[in-house]
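Only one structure is covered here, and it is reproduced in the block below.
The values are calculated or read from the model by the stated rules, or taken from the named source; none is laboratory data. None of the values given here were measured: they were computed from a predicted structure. Cβ placement follows ideal geometry from the backbone for every residue including glycine, while neighbour counts extend to all protein chains displayed. These accessible areas exclude ligands, DNA and RNA; they are computed on the full protein's heavy atoms, side chains included. Shrake-Rupley method; radii C 1.70, N 1.55, O 1.52, S 1.80 Å.
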Amino acid sequence: MTLTLFDQFSSPYLLGIPLILLSMLLPPLLFPTPNNRWITNRLSTLQLWLINMITKQLMIPLNKPGHKWAIILTSLMMLLLTINLLGLLPYTFTPTTQLSMNMALAFPLWLATLLTGLRNQPTTSLGHLLPEGTPTPLIPALILIETISLFIRPLALGVRLTANLTAGHLLIQLISTATITLLPIMPAMSSLTVMILFLLTVLELAVAMIQAYVFVLLLSLYLQENI
């Protein structure tokens, strides 16, 4: 069977059962819940330090009522970060390259921030649709534009994460294929492509972490607008 470049993004199946749920459940198992019987070691200390640092960074733009979302935002950040990084390993599947999954994460959380604002401060939330000092003839057009930009936010969240990870995986596959193809023909050029592949892999590690942080940070900013 001939495989295409995009076959790596199709959900794997075993006996007709999609394994995307399994690939989403396994990463959280790498972060066990601490308890009194858990012996503290360097790994657990590093894990707690990382979680505390992420939580502090996410809570900076939020005021006191927004701190109730700390567990949700931090858990989402750790989930996306782990899935993105594990997806760079060979023979693995990255669920965050699926637009359906990213939209399933983005839309409910965005809707929750919007409903929170409409419940707690409806006047202020609706006031974002019309900037202060707008000329009267432009009011209908600006309300329409701001409404469209509001409803396009979850789509932008999902597409941004999907596009960045998909592009990186495709580049890695293209360059690795070129490296293997050039090895018997042009060894010197193949060595150059190996260096490029190494640099691209380092870049993708950074992209995997940055995109997870950007996804959750934008959600926290949307939350700040509505609390």
So for region 7-226, averaging the separation of alpha carbon pairs under 8 Å that are six or more residues apart and normalising by length, what relative contact order in percent results?
28
How long is the gain from Lys64 to Ser176 if the chain were fully straight, where each residue apart is worth 0.36 nm and the alpha carbon distance is subtracted?
35.5 nm
Sorted peptide list for 73-86, 162-175, criterion being average Cβ within 10 angstrom, highest first
73-86, 162-175
Per-pair calculated FRET efficiency, R0 = 25 Å: Leu221 and Leu138 via Cβ, rounded to 0.05
0.45
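Hey, what's region 7-226 come to in accessible area per residue, 1.4 Å probe, Å²?
So region 7-226 comes to 62 Å² accessible per residue, rounded to a whole number.
Relative to 2.2 N^0.38 Å, what does the C-alpha radius of gyration of region 81-227 come to as a ratio? Two decimals please.
Against the compact-globule rule of thumb, the ratio is 1.46.
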Over region 51-186, what percent of the accessible surface lies on carbon and sulfur atoms, probe 1.4 Å?
74
If packing is taken as the mean number of other Cβ atoms within 10 Å per residue, what is the order of 119-130, 101-112, 190-201, 149-160, highest first?
101-112, 149-160, 190-201, 119-130
